[in-house]
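Below is one structure, written out as structure tokens, with a few remarks after it.
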There are 2 protein chains.
Amino acid sequence: MDTSPATSDWLRLDQQICFSLNAASRAFGSVYRVILKDLGITYPQYLVMLVLWEHGDLPVKKLGEHLRLDSGTLSPLLKRLETAGLVRRERSARDERSVEVRLTEEGVALRERAERVPRRIAAATGFDVDEISALRARLDELTSALDAAVHTELPAEHRES
Amino acid sequence: MDTSPATSDWLRLDQQICFSLNAASRAFGSVYRVILKDLGITYPQYLVMLVLWEHGDLPVKKLGEHLRLDSGTLSPLLKRLETAGLVRRERSARDERSVEVRLTEEGVALRERAERVPRRIAAATGFDVDEISALRARLDELTSALDAAVHTELPAEHRES
DNA sequence: CACAATTCAATTGCGCACAACTAAATGGCT
DNA sequence: AGCCATTTAGTTGTGCGCAATTGAATTGTG
């Protein structure tokens with residue numbers, strides 16, 4: 001058709017970036033799975049703990065904003081963290097819609113054991129701090145561009161079956 | 001304790017790279033979700049189709065090697081593609097353990113409609129070809145390093161509860 | 001040939017991600 | 001005050017990813 005030379009090359013290129021991204025993300029998952037086994041939590045649960053350690057107790061909503069996750073993901077995850085004794089959930093007194101997620105003493109205590117995790121991860125990547133920063137910056141650009149694309153270019157064809 | 005200066009900075013840095021990776025991967029997912037809606041398949045299903053379009057009919061095993069996925073993921077996914085009429089699964093005659101995944105005519109035909117996808121994705125990223133290649137190369141390095149780490153450094157503590 | 005080890009796909013079970021929906025509480029508006 | 005839109009969590013349903021197990025077929029070895 002009116003497309004550029006080798007159309008099948010495009011089908012390959014495209015796979016490259018997103019597939020590579022995906023593969024890297026899953027490879028990280030494997031490493032975290034092993035390292036976090038000691039702590040008895042999964043990687044997404046670890047992310048929640050990181051946010052709570054950094055910002056203190058937060059309502060589910062705020063937690064979701066930090067992590068780009070909604071209640072459909074967070075509700076069951078937080079329930080598991082509560083079962084594990086790391087977190088408590090209490091309906092806010094001043095706004096009954098909101099649920100405050102609070103660290104228990106065990107949750108706070110876990111931080112100490114978690115502090116060795118980042119270095120082990122960094123070691124596993126074999127990248128130095130600057131390389132990691134550069135890559136991270138690039139990925140964040142990408143994410144921004146993609147987010148923008150979802151909300152601008154694409155809704156053009158919102159109307160269909 | 002005996003750790004370096006700002007321990008909590010490490011807890012942040014670490015989140016950066018993997019979280020950024022994760023976020024980018026999910027952002028891609030959103031874009032693909034919208035673009036692939038026309039084709040009636042998900043992104044992982046699209047990846048399977050890409051491999052089949054490029055390499056022709058393949059046993060599940062080979063498919064898994066290309067995609068780094070095992071039968072636990074592929075079996076149900078392929079069943080859905082079969083239900084959608086894009087693929088057939090037939091036990092190999094020469095090795096009854098193996099299942100050949102074959103494109104149906106519809107599966108082959110879908111390729112034409114898929115050929116516009118990569119350009120739309122590329123446009124959504126806002127990156128040019130060189131930038132994408134560079135990033136991809138970096139991510140593949142990272143994946144290799146992480147894979148190696150899982151199989152060398154970590155099995156040291158294979159023995160536990 | 002017989003038997004053990006390996007290979008391959010499928011299944012089960014768990015957790016995450018996300019869309020769509022529900023239910024309750026809140027805030028704004030008349 | 002009364003009503004309605006919005007906000008906030010939770011629930012349901014679907015699909016992916018992975019560990020662990022199962023069962024059948026194949027290969028290797030004595």
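Odds and ends about this structure:
- Projecting the Cα atoms of B:I41, B:L58, B:N22 onto the charge dipole of chain B, computed from C-beta unit charges around the Cα centre, puts B:I41 farthest toward the positive end.
- Taking the label point 7 Å along Cα→Cβ, B:R12 and its counterparts in the other copies are spaced 4.3 nm apart, in ascending order.
- Pairwise label distance in nanometres, B:K62 with A:D57, each label 7 Å out on the Cα-Cβ vector: 5.9
- Set A:K37/A:K62; A:K62/B:K79; A:K79/B:K61 screened for pairs whose C-alpha atoms are more than 30 Å apart: A:K62/B:K79; A:K79/B:K61
- Scattering curve values for chain A, log₁₀ I(q)/I(0), Debye with Cα scatterers, q = 0.13, 0.16, 0.21 Å⁻¹: -0.84, -1.11, -1.42
- Relative contact order [Cα under 8 Å, 6+ residues apart], region A:27-161, whole percent: 20
- Shortest-first distances to equivalent copies, position A:D140, nm, label 7 Å out along Cβ: 2.7
- Magnitude of the charge dipole for region B:60-161, about its Cα centre and with charges confined to Cβ atoms of Lys, Arg (+1) and Asp, Glu (-1), is about 560 debye.
- Computed over protein heavy atoms with a 1.4 Å probe, the carbon and sulfur contribution to the accessible area of region A:10-126 reaches 48%.
- Segment A:D95-A:D9, length gained on full extension (0.36 nm per residue, minus Cα span): 25.5 nm
- Here the extension length gained between A:T73 and A:R33 equals 12.5 nm, from 0.36 nm per residue of separation less the Cα-Cα distance.
- Residue of chain A nearest the A-to-B rotation axis [by Cβ], rounded angstrom distance: A:S25, 2
- Which of B:G107, B:A137, B:A84, positive extreme of dipole for the protein assembly as shown (C-beta unit charges): B:A84
- Accessible area in square angstrom per residue, region B:7-125, 1.4 angstrom probe: 49
- Here the protein assembly as shown is assigned +1 on the Cβ of each Lys and Arg and -1 on the Cβ of each Asp and Glu. Its dipole about the Cα centre then comes out at about 1000 debye.
- Phi-based couplings in Hz for region B:107-112 (Karplus 6.51, -1.76, 1.60; Gly and Pro marked x): x, 5, 5, 4, 4, 4
The values are calculated or read from the model by the stated rules, or taken from the named source; none is laboratory data. Since we're looking at a predicted model, the values are computed, not measured. Positions of Cβ are backbone-derived with ideal geometry, glycine not excepted, and every protein chain shown enters the neighbour counts. Heavy atoms of the whole protein, side chains included, go into the accessibility calculation; ligands, DNA and RNA do not. Shrake-Rupley method; radii C 1.70, N 1.55, O 1.52, S 1.80 Å.
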